1. Give me the number: length gained by fully extending L22 to Y158, i.e. 0.36 nm times residue separation minus the C-alpha to C-alpha distance, one decimal in nm.
2. Taking the Cα-to-Cβ direction at D297 and at S44 and moving 7 Å from each Cα, how far apart do the two end points lie in nm?
3. Roughly how many Å² is the accessible area per residue of the range 90-134, as a whole number, for a 1.4 Å probe?
4. Out of the total accessible area of the chain (probe 1.4 Å, heavy atoms of protein only), what percent is carbon and sulfur?
5. Which distance in nm do the two modelled labels at R123 and I233 give, with both placed 7 Å along the Cα-to-Cβ direction?
6. Applying a 10 Å radius around every beta-carbon, put 126-133, 283-290 in order of their mean neighbour count, most first.
7. What whole-number value in cubic angstrom gives the convex hull volume per residue for the C-alpha atoms of the range 1-148?
8. Provide the net charge surrounding K37, with neighbours chosen by a C-beta distance below 13 Å and charges set as Lys +1, Arg +1, Asp -1, Glu -1.
Amino acid sequence: MLIFITRRGATMVLTMIAVSMLLFAALEVNVENVAVKVLGPYSSQEQRQIWLENNGYFEPIYVRYATWLSNFVVGDFGESIRFRTDVADVLWPRLGNTAILAACVFAVVIPVSLLLGVLSGMREGSKLDRSISITSIVTTSIPEFASAPLLSAIFVFYLGLLPGTSGMASGFDPLQLILPALVLILYDFGYVARMTRASMAEVMTTNYIRTAVLKGLPYRRVIVRHALRNALIAPFTVIMLQINWLLSGVIVVEFFFAYKGFGALLLEASLNQDIYLIEACAMVAVFVAVMTQTLADIGYTYLNPRIRFS
């Protein structure tokens, strides 16, 4: 296991280096374009040349990349064009806000979807199975840009129970988290439940489950100790992938409810061509993606002891 973790750690580092090279090449090879984005389209050619010289953009590209990468490793992401402050001062609070939203979503999605998926898979073809499957398909089929206005119309304008925005202008307010979290829960839980149901139904038809039942083992023990552990491998992978989706794939929800999270920050950086902020957001997203994949691979060995890594 230690060798496997070491190898995956090395692979993670190499992946991030490769992505950083592509990112740097896409955004900073054209130094004139960088100067225009930083100083604005109405800056003079002389101002751009002075800025480029002062910031080392006349040096060879490999030197600039090494400098950029070393600064990034120590947390120096540069200065945001949009916010006129260090990127780190904007990035970490926004990332923390998205983490709070993701935690609220996960706290509901994981237990509810796993429970419904297991119950559905245990009774494949029953009325309960059909009801859960239809509900899962319907909720997953409705995109966030449709469910967000619908829920707002119901809970904000018709019932008047919840605030319509989640800007947290007066400090942290749990009520403002309910609507964005509910939109994400409705969209996400059905997908995880369907994956859990498919995995559980497949496990229930295996020979070792039938043998355990025929030997007279209590049905609850067969489910909990034998079927459930193997059935959770596929849902575990899906759940780990949801972390990446909740990090940067919730742009619509955060923008609709004015929630100051990572997804909204990435959109704002793109619209304003904030080059240093885009670079920082992209590298953070890549780090989370490779880290969650590594954790998923390690988790396999605990869910299924037959899986071994050489």
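The values are calculated or read from the model by the stated rules, or taken from the named source; none is laboratory data. On a predicted model such as this, the values are computed, not experimentally measured, just so you know. Glycine gets a Cβ as well: all are built from the backbone with ideal geometry, and neighbour counts include every protein chain shown. Side chains are part of the model used for accessible areas, which takes the heavy atoms of the whole protein and leaves out ligands, DNA and RNA. Shrake-Rupley method; radii C 1.70, N 1.55, O 1.52, S 1.80 Å.
1. Working: separation 136, 0.36 × 136 = 48.96 nm, distance 4.88 nm.
Contour length minus Cα-Cα distance gives 44.1 nm.
2. 5.5
3. Heavy-atom accessible area per residue stands at 48 Å².
4. On the way: 10980 of 16580 Å².
Taking all protein chains in place, the chain shows 66 percent carbon and sulfur surface.
5. Reported label-point gap for R123 and I233 is 2.8 nm.
6. Numbers: 126-133: 14.9, 283-290: 17.8.
Listed from highest to lowest mean packing, they are 283-290, 126-133.
7. 206
8. Details: positive: R48, R82; negative: E28, E32, E79, D274, E279.
Net local charge, K37 excluded: -3.
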